[in-house]
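Report on the following structure.
The values are calculated or read from the model by the stated rules, or taken from the named source; none is laboratory data. All values derive from a computational prediction rather than experimental measurement. In this analysis, Cβ positions are derived from the backbone assuming ideal geometry, glycine residues included, and neighbour counts consider all displayed protein chains.
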Amino acid sequence: MLLLWGAKVHGIHHPPLGAIQQFSSRRKAKLGHGRKQDRTPFTWEQLEKLLSAADVTDSALLMLALNCGFGNSDIGKLKLCDVDLQNSTISHPRPKTGVHRDFVLWPETVSILKAYLNGHRGRPLSKEVEKLFFVSRKGQPLSWHKLNSDGKLVRSDAVKNRFDRLCKRAGVKRKYGVGFYILRHTYATMIGENSHDYREVQAALGQLTIQQQEAYRHDRKIKAFNAQQRLRSEMKNSSIPKILHDKLHAS
């Protein structure tokens, strides 16, 4: 209610809704509740199955997740003016943090986005929706959340529903709590595996701090293994293997 009062009386805009959710009582109540959600990234084989079973709209969503690490809110708030298909770029602030991001689109992503605009984008029901890139066949955003008159957060997520149906069609089994947002975790892990620059990954994810990568990257085991292998390679070039060999054969 204070946020609504500030907006109406003083013209103060609320921070990104993701920041509001972070301190909401509803979010706090969920901590530790129920089964632990699985955040294991998808494999290339699973992604291939999804794209094979996807229609043009679902393919466009999947490619934005894979190319840019887009989540549900990114899809829902992406505007037509953010996308430059002629120059293969997207310039879009992350809704959750407000951090501005610039992406170069792959040729495959550009092609599927053009196909979506040419024959699969719905007819907007309002001027506000008309600005959006993705519009459902009912003329609504694919994902949205806002504060109602009581100051409570309400949402609708067609991206999640489409992804659930796609996984079922593709025969991709998911564990508890795995939805479309797992593709952002997959993106973060894949780009992080071959990167030695944490700021590079932070910029690609549109995160405020490097520490936030811990929640999205799931390559700790792989990173530890690679580090151990590099150290062993260095050790093999020393005299240690011979020392150990001689010690074992002397006993």
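Taking the criterion of being at pLDDT below 95, buried (at least 18 other Cβ atoms within 10 Å of the Cβ) and touching a Ser or Thr at 6+ places or on another chain (Cβ under 7 Å), would at least one residue in region 173-185 satisfy it? Scanning region 173-185, I find no residue that is at pLDDT below 95, buried (at least 18 other Cβ atoms within 10 Å of the Cβ) and touching a Ser or Thr at 6+ places or on another chain (Cβ under 7 Å), so the answer is no.
As for region 88-97, it holds at least one residue that is of a type outside the set (D, E, K, R), buried (at least 22 other Cβ atoms within 10 Å of the Cβ), part of a strand (DSSP E or B) and over 14 Å from the mean Cα position of the chain (by Cα). Scanning region 98-122 for residues that are charged (D, E, K, R), loosely packed, with under 15 Cβ neighbours inside 10 Å and in contact with a strand residue (DSSP E or B) (Cβ under 7 Å, 6 or more places away or on another chain) yields a single hit, Asp102. Of the residues making up region 62-74, those that are modelled with pLDDT of 90 or more, assigned to a helix (DSSP H, G or I) and either within 11 Å of the chain's Cα centre (by Cα) or under 16 Å from Val99 (Cα atoms) (or both) number 6. Scoring Arg169 on the criteria (1) touching a residue at least 60 places away in the same chain (Cβ under 8 Å); (2) crowded, with 17+ Cβ neighbours inside 10 Å; (3) of a type outside the set (Asp, Glu) leaves a single failure, condition (2). Entry remark, region 156-176: residues being over 18 Å from the mean Cα position of the chain (by Cα) and among the charged types (D, E, K, R) number 4 in total.
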